[in-house]
Amino acid sequence: AQSVTQLDSHVSVSEGTPVLLRCNYSSSYSPSLFWYVQHPNKGLQLLLKYTSAATLVKGINGFEAEFKKSETSFHLTKPSAHMSDAAEYFCVVSLYNFNKFYFGSGTKLNVKP
Amino acid sequence: DSGVTQTPKHLITATGQRVTLRCSPRSGDLSVYWYQQSLDQGLQFLIQYYNGEERAKGNILERFSAQQFPDLHSELNLSSLELGDSALYFCASSVSGTGGNSPLHFGNGTRLTVT
């Protein structure tokens, strides 16, 4: 069975400090993994994707994520938070030919001035 | 800008009514997915179409239906509306019909309010 667990429903950081949003997945097959960001009343925007090439994936707005197969994790990081990063973030797993995208429950990131 | 267009942005209607939500996918994308997002249930997959054919069904109520037209735009029809149908409805498109490493590209959604 496939599933995605976002370990924190809320994360709060100060502006200029590092961001870590945690995601674990469960999959019987080699997955593709994505992170999306959703600002209030907006659609989900693709931040980055992992598709079995390099395990460290760089995305937009300074975000990156590292695929760790041994830990079944795909945590999202950013060295220095900006106020505009305040949003909800979703970790997503997809399996080729299974025609499904599995969404985590989301992590709301709050950035304090 | 994802390239996915959803109309209208907002809909306010009464219980028992019927509405139609429209989605135009990104140029070149053959798959259209519909999702419902509410505060209590999060993001729920409703249905997927690929090149005009229904490909997958999720938690879609019998009162809801969808279709994808030859020009690849899609419509989601919601009927006999109830208060609980109030939510954000998203359309997403993808090149692939089989998931995998082709990401979803989301529109900005239609906010439906049922009064």
Legend entry - A:Val93 away from chain B (no Cβ under 11 Å) and assigned to a strand (DSSP E or B): no
Legend entry - Hey, B:Arg18 farther than 20 Å from A:Val93 by Cβ, open to solvent by 60 Å² or more (accessible area, probe 1.4 Å) and under 10 Å from the mean Cα position of the chain (by Cα) or not: no
Inset, instruction - Pick out the one residue from A:Val37, A:Val111 that is touching a His at 6+ places or on another chain (Cβ under 8 Å) and either part of a loop (DSSP other than H, G, I, E, B) or surrounded by 18 or more Cβ atoms within 10 Å (Cβ to Cβ) (or both). - result: A:Val111
Inset, instruction - Please indicate, with yes or no, whether at least one residue in region A:93-101 is of a type in the set (Phe, Trp, Tyr) and open to solvent by 50 Å² or more (accessible area, probe 1.4 Å). - result: yes
Inset, instruction - Please determine, by comparing only the residues of region A:49-70 that are touching a residue at least 24 places away in the same chain (Cβ under 8 Å) and either within 14 Å of A:Pro31 (Cα to Cα) or among the hydroxyl-bearing types (Ser, Thr, Tyr) (or both), which one is farthest from the other protein chains (Cβ to nearest Cβ). - result: A:Phe67
Inset, instruction - Would you mind stating whether B:Glu82 is open to solvent by 20 Å² or more (accessible area, probe 1.4 Å), touching a Cys at 6+ places or on another chain (Cβ under 8 Å) and more than 14 Å from every other protein chain (Cβ to nearest Cβ)? - result: no
Legend entry - Set A:Ser80, A:Ser84: member being exposed (fewer than 14 other Cβ atoms within 10 Å of the Cβ), in a helix (DSSP H, G or I), at pLDDT 95 or above and among the polar types (S, T, N, Q): A:Ser84
Inset, instruction - Considering only region B:48-91, give the strands (runs of 3 or more DSSP E) lying wholly within it that have at least 2 residues that are at pLDDT 95 or above and aliphatic (A, V, I, L, M). - result: B:74-78
Inset, instruction - Would you be able to say whether some residue in region B:41-58 is more than 12 Å from every other protein chain (Cβ to nearest Cβ), open to solvent by less than 50 Å² (accessible area, probe 1.4 Å) and hydroxyl-bearing (Ser, Thr, Tyr)? - result: no
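The values are calculated or read from the model by the stated rules, or taken from the named source; none is laboratory data. No experiment lies behind these values; they were computed from the predicted model shown. Glycine gets a Cβ as well: all are built from the backbone with ideal geometry, and neighbour counts include every protein chain shown. These area figures cover heavy atoms from the full protein model, side chains too; ligands, DNA and RNA do not enter into them. Shrake-Rupley method; radii C 1.70, N 1.55, O 1.52, S 1.80 Å.
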